[in-house]
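Report on the following structure.
FYI, it's all coordinate maths here, none of it is from the lab. Owing to the predicted nature of the structure, the values given are computational and were not obtained by experimental measurement. Please note: Cβ atoms are built from the backbone with ideal geometry, for glycine as well, and neighbour counts cover all protein chains shown.
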Amino acid sequence: MPRTGFKGSLTGPRVDVMVDMGNPFLNLTVDGFLKIGTVGAAKAAVEETYNIAKTGSISQHKLEHSLKKMCKEGAYWGTVAGVYVGMEYGMARVRGTRDWKNAMLGGALTGALVSAASNSNRDKIVMDAIAGGAIATAAEILNSLS
């Protein structure tokens, strides 16, 4: 039986910003903060642009609100990414190997830390740790497939 298929790949732009803090841990953490923080800010910018276009009106108040949201989202996403990258790097250093387990442990610790900073519900913190570990592990496995 004849078969048809499609095979291709999708790649994004590669942006390298080098900030030398004098320590590999700090370098990776700041790099993660800047790159993912930019993604968070861009997400907020697109959402706000859509909302402004949908309403059909623009004002200084809306622009100020949009800028504040972009800064807040960028800082939040960047902080989470910086903590994750630092945790994963720390796990690799402590364990002496680089594998998916570092991503899992780094994601779980990041999920727990971010959750504990924003609430005190133990069950929520545990669930966020599990989610962080699962997401980081899945990302690491998908990264290794390419």
What the Cα atoms of the chain span along the principal axes, largest first and in whole Å, is 58, 55, 39
From the backbone phi of region 29-34, what are the Karplus-calculated ³J(HN,Hα) couplings (6.51 cos²θ - 1.76 cosθ + 1.60, θ = phi - 60°) in whole Hz, Gly and Pro given as x? 5, 5, 4, x, 4, 5
Considering only the other residues whose Cβ falls under 13 Å of the Cβ of residue 72, what net charge follows from Lys and Arg at +1 and Asp and Glu at -1? -1
Taking the Cβ of residue 86 as the centre, find all other residues whose Cβ is under 12 Å away and add up their charges (Lys, Arg: +1; Asp, Glu: -1). -1
Hey, how much of the P(r) for region 24-79 falls beyond 15 Å, as a percent of Cα pairs? 51
How do the peptides 35-42, 106-113, 19-26 rank, highest first, by the average count of neighbouring beta carbon atoms within 10 Å per residue? 106-113, 35-42, 19-26
Fully extended contour minus Cα-Cα distance, from residue 34 to residue 94, at 0.36 nm per residue: 19.1 nm
